[in-house]
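Here is the structure we will look at.
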Amino acid sequence: MKHLSLLAFIAIIFVSASCGAPDSIGNLPSRYIKMDSVSIHYKTFGTEDKTIVFVHGFGCDMNAWSEQFLPLQGVAKMVFIDLPGFGQSDKPHTDYTLDYFAKAVKTVLDELNISNALLVGHSLGTPVCREVIFDYPDLAGGLCDVDGVYCLYPEDSIAKIEYEAQVNGFAESFKSDSLEADLTAFTQSLFGPSTPQFVKDYALSVMPETESYIAYSTMFNLIQKKYWTKEVISVPSLIICTKNSGLQPDNRQQMESLYTNMQYEELDATGHFIMMEEPEWLNNLLITIF
């Protein structure tokens, strides 16, 4: 009888441990930290000394990193952040600048006493991570750019005028009276020929729901020239992009002018959501970094 009781006890412990192991970001407990009066939503997992911080793109939330959660367990402590205006973070009426987003990332990392982390940013998340490096250099030990957004103003005066007109027109398009429909079309334009349906479902479930004042303010501030001075980043940087996003022929050379310690990876037909469309490939790169 004692033997049976012991076996039963062990079984209960094993089952409890198995049930308690989170298998998705959604099953992690939510945490919140105030940045001034604004609540920033974040989640963490792991106790490793090294840390990966995931910063999502425009219109998305931390669930964009769903395919990284299980494979990277045990590799590093993971921090997932909903930028203000998105996900479960507060959505105040304010200027959504890169400085503002970077401050939100800093607020979370300060709360967790984290520095020297690998910052992984997708799309809008890349310039946010770049701003963290510029404003708070002690926080970042490396950068992974996953098809990030860049506004690289040309030096030539005529080309510069044309480029400014293009980016200003792009930003103004987010002031539309039919924003939800326009955001749906914008989201669909980000898919590649082989983008899986679950990726499409995720993106279309979140991006078109972006509040109009947040969408316009984010895009208007993103293109401001003060953020695109071509200041160089020296921390180890992994630059991952896809031709499906409309890369310029000299994209590699442009990136080399911005990063002094860079590994460059370029995909052909993969859609914009590389971390969800090519997760095994990306996860192996991140594991290699550590």
Run the dipole for the chain about the Cα centre, Lys and Arg Cβ at +1, Asp and Glu Cβ at -1, nothing else charged, and hand back the magnitude in debye, nearest 20.
820
Put in order of increasing Cβ neighbours within 10 Å, starting from the fewest, ARG130, ARG31 give ARG31, ARG130
Connecting every pair of Cα atoms under 10 Å apart in the chain and solving the GNM, the largest mean-square fluctuation among LEU183, LEU72, LEU247 falls on LEU247
Long-range amide H partners of GLY57 with built H, under 5 Å
HIS122, GLY125
In degrees rounded to 10, the 0-90 angle between helix 179-188 Cα long axis and the longest Cα principal axis of the chain is 80
Can you bin the stretch 216-262 into rounded, prolate or oblate? Criterion: square roots of the alpha carbon gyration tensor eigenvalues sorted a ≥ b ≥ c, rounded for a/c under 1.5, prolate for a/b above b/c, oblate for the rest.
oblate
Extreme residue, positive dipole direction of the chain, given options GLY148, PHE198, ASN168 (C-beta unit charges):
PHE198
Would you work out the charge dipole size for the stretch 236-279 about its Cα centre, treating the Cβ of every Lys and Arg as +1 and the Cβ of every Asp and Glu as -1, and quote it to the nearest 20 debye?
100
Which entry in (1) 31, 22, 18; (2) 31, 27, 22; (3) 35, 21, 20 matches semi-axes √(5λ) of the Cα gyration tensor in Å derived from the coordinates of this structure?
(3)
Shape category assigned to the stretch 46-164 from the gyration tensor of Cα positions, a/c cut at 1.5:
prolate
First check a/c for the stretch 160-290, with a ≥ b ≥ c the square roots of the eigenvalues of its C-alpha gyration tensor; if it is under 1.5, answer rounded, and if not, answer prolate when a/b is larger than b/c or oblate otherwise.
oblate
Mind checking the dipole of the stretch 60-127: about its Cα centre, +1 per Lys or Arg Cβ, -1 per Asp or Glu Cβ, Debye to the nearest 20?
140
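No lab work stands behind these numbers, since they all come straight from the coordinates. Just so we're clear, the structure is a prediction, and the values are computed from it rather than from any experiment. Cβ: placed from backbone, ideal geometry, glycine included. Neighbour counts: every protein chain shown.
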